[in-house]
Amino acid sequence: PSANIGVVGLAVMGSNLARNLASREGNTVAVFNRSPERTRTLVDEHPEAGFVASESYDDFVASLQKPRTAIIMVQAGRGTDAVISELASRFEPGDIIVDGGNANFHDTIRREGEISPTGIHFVGTGISGGEEGALNGPSIMPGGSAESYETLGPILASIAAVAEGEPCVTHVGTDGAGHFVKMVHNGIEYADMQLIAEAYDLIRQGTGKSPAEIAEIFAEWNTGELESYLIEITAEVLRQVDASTGLPLVDVILDEAGAKGTGAWTVQNALDLGVPVSGIAEAVFARSLSSKRAQREASATLPGPDGEFAVADADAFIEDVRQALYASKIIAYSQGFDEIIAGAEQFGWDVKKGDIAKIWRAGCIIRARFLNRIADAYAEDPELVALVVAPYFRDAVTGAQAAWRRVVVAAAQSGIPTPAFSSSLAYYDGLRAPRLPAALVQGQRDFFGAHTYKRVDKEGVFHTLWSGDRSEIETTPSSH
Ligand code: 6PG
């Protein structure tokens, strides 16, 4: 056997990851794909990689040095189970099967539970950075056993992106932790993209600037605290002119956003965990709404506010939008980290928040300058109760809040949908509020269902006899 690592599944992500691996000193990479044509094409196109190609699982497994390590890069779902079982039936105790696809972490927990009794390691790994990242350096989020990471860690570190001298990979936690964290990464990605899209929409409608002009604004923003991959590519997309019509490309792209599911998973699991990831949820729902063509057409004649939306001072408005975007973005990341904390507690993972912030600083889609500040915040206080209360972020939202409010007001008054901006601000105000109307909700629940309530002034659980004399009794906690 001549290869120290193998890749199964040679679509773009798998091919690029294999090429990345092959380009690093000391690696010899075995490759396998269900249809051998693709393997042959990859090997022919990249002789420099020195791939060890196989056309059967038997040959592929035989080409791997022990402990055998193979990374599966196939479409998440049933295809993954099939490949896992092919490998597991040939691998031996100590060997490592890595799933590098966007698997649902519940599947990863199940698969790990099924495989680990055989002595084979199963490592669900988040890999972010798209095709480019896979080739030149992704951010990598492996779960699985600590023991498997001893073998796998150095290999992954050799291909990961590098941020300030540190490779963007860390052992996130056991079993499904890696895929869980990748899921939340994608949820934050959805929120960040939606916030940027709302910022663009507000500026375009409020100032009448062209996409090309707005591209320059984003490029400028990318030199400051908002510096990030998503802001950078937004400028690129807005600058693009459609060859066939001569129009800005953004004006000829159908305005129905797709989704492959990881954003929805983030929200589904947040609901189960009881974590309010409202900004992420609004981003997922905004994509759903965009694709409801029949409802949108039927609603197109519904009334909006009178008059045109035109801001008096374009430059001041643009600066307000920038600040609103930054504040809302802080909320999105704060909510995402809350979900990671809750998931870690629920599933028994020892996730180091600061390390997650660090491995997201380069390679991944949500890489951003301010992840350094998140890493600092968790380094200073690993038990930080909410990111937004860390001194740096408190100062940031304090500075931005007036602009944030003006933008949300302007959006509401002019009828421009800004679900992510608005919900982030509502969340912020909810956190701040000394008293919430949740007290009234508790009263309502007690009225119709005797669900009981607690009091601010004494211990115990209480119920008002609503259909009797409306006196209060002390009771045992209700479960209905
Ligand atoms: C990444 C991306 C990647 C993929 C998303 C897109 O981190 O590299 O998140 O995983 O582009 O799955 O998801 P949607 O198709 O749902 O937008």
### Query
For the Cα atoms of the chain, what angle does the longest principal axis make with the long axis of helix 371-380, in degrees from 0 to 90, nearest 10?
80 degrees
### Accessible-area order (highest first, 1.4 angstrom probe) of the listed residues 464, 151
151, 464
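Over the Cα atoms of the range 359-480, Rg to Rh with Kirkwood Rh, two decimal places? Numbers along the way, then the final one.
Working: Rg = 21.4 Å, Rh = 18.6 Å.
Here the Rg-to-Rh quotient is 1.15.
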### Task
Enter the accessible area per residue of the range 283-409 (Å², integer; probe 1.4 Å; all protein chains in place).
48 Å²
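Set the bar at 18 Å for Cα to Cα. Now go through 182/352; 260/352; 260/292 and name every pair that lies beyond it. Mind showing how you got there, number by number?
Values: 182/352 14 Å; 260/352 28 Å; 260/292 16 Å.
Pairs exceeding 18 Å: 260/352.
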### Task
Please calculate the 1.4 Å probe accessible area of residue 216, with all protein chains present, and give it to the nearest 10 Å².
100 Å²
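Sorted by accessible area (1.4 Å probe), largest first, how do 44, 95, 313, 320 line up? Don't skip to the end; give the middle numbers.
Values: 44 115, 95 5, 313 90, 320 25 Å².
Descending order: 44, 313, 320, 95.
Divide the volume of the convex hull of the Cα atoms of the range 1-57 by its number of residues and quote the answer in cubic angstrom per residue. Write down the numbers at each step before the final one.
Numbers: hull volume 3.8 nm³, N = 57.
Convex hull of Cα atoms, per residue: 67 Å³.
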### Query
Amide H to amide H, which residues 5 or more places from residue 7 or on other chains are under 5 Å from it, using H placed in the peptide plane?
30, 31, 32, 71
### Message
Among 100, 337, 63, which residue has its Cα furthest toward the positive end of the charge dipole of the chain, with +1 on Lys/Arg Cβ and -1 on Asp/Glu Cβ?
### Response
337
#### Entry: Surface/4 estimate of mean projected area, convex hull on alpha-carbon atoms of the range 254-310, nm²
5.9 nm²
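How big is the Rg/Rh ratio for the chain, C-alpha atoms only, Rh by Kirkwood, two decimals?
That ratio is 1.03, to two decimals.
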### Query
Mind checking the angle between helix 314-347 and the chain's longest principal axis? C-alpha axes, 0 to 90 degrees, to the nearest 10.
60 degrees
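May I ask you to rank 288, 145, 328, 23 by accessible area, largest first, using a 1.4 Å probe over the protein chains only? Before the final figure, lay out each step's value.
Values: 288 50, 145 30, 328 0, 23 80 Å².
Largest accessible area first, the list is 23, 288, 145, 328.
Kindly provide the helix-only [θ] at 222 nm of the chain, computed as the sum of -39,500 (n - 2.57) over DSSP H runs of four or more divided by all residues, to the nearest 500 deg cm²/dmol? Provide the component values of the computation, followed by the final result.
Values: 20 runs with 260 residues, N = 480.
For the chain, the value works out to -17000 deg cm²/dmol.
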### Query
Which three semi-axes in whole Å describe the equivalent ellipsoid of the range 170-328, each the square root of 5 times a Cα gyration tensor eigenvalue, listed largest first?
30, 21, 17
### Summary
The helix 146-159 Cα axis meets the longest alpha-carbon principal axis of the chain at an angle in degrees, between 0 and 90 and rounded to 10, of 90 degrees
### Surface share of carbon and sulfur [accessible, 1.4 angstrom probe, percent] for the range 73-184
50 percent
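Can you tell me the accessible area per residue over the range 152-212, all protein chains present, probe 1.4 angstrom, in square angstrom?
Working: 1610 Å² over 61 residues.
For the range 152-212, the per-residue accessible area is 26 Å².
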### Message
For residue 84, what accessible surface area do you get with a 1.4 Å probe? Give it in Å², rounded to 10.
### Response
10 Å²
### Task
May I ask you to work out the translational diffusion coefficient for the range 26-162 at 10 °C, viscosity 1.306 mPa s, via Stokes-Einstein with Rh from the Kirkwood sum over Cα pairs, reported in whole µm²/s?
103 µm²/s
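Taking every DSSP beta bridge with both residues inside the chain, roughly what % is antiparallel (nearest 5)? Before the final figure, lay out each step's value.
Values: 13 of 32 bridges.
The antiparallel fraction comes to roughly 40 percent.
Taking the Cα centre of the range 36-78 as the origin, how large is its charge dipole in debye, to the nearest 20, when only Lys and Arg (+1) and Asp and Glu (-1) carry charge on their Cβ atoms? Spell out each step's value before the answer.
Working: 5 positive and 7 negative charges, 65 e Å.
Using Cβ point charges on Lys, Arg, Asp and Glu, the range 36-78 gives about 320 debye.
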#### Entry: Apportionment of accessible area to carbon and sulfur, the range 247-364, percent (1.4 Å)
54 percent
### Message
With N set to the number of residues, divide the alpha-carbon radius of gyration of the range 367-417 by 2.2 N^0.38 Å and report two decimals.
### Response
1.49
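Percent of accessible area on the range 414-480 owned by carbon and sulfur, 1.4 Å probe?
Values: 2590 of 4460 Å².
Using a 1.4 Å probe with all protein chains present, the range 414-480 comes out at 58 percent carbon and sulfur.
The values are calculated or read from the model by the stated rules, or taken from the named source; none is laboratory data. In this text the structure is predicted, and so the values were computed from the model without any measurement. Methodologically, a virtual Cβ is constructed for each residue, glycine included, from the backbone with ideal geometry; neighbour enumeration extends over all protein chains shown. The protein model used for the area step is the full one, side chains on, heavy atoms only, and it has no ligands, DNA or RNA in it. Shrake-Rupley method; radii C 1.70, N 1.55, O 1.52, S 1.80 Å.
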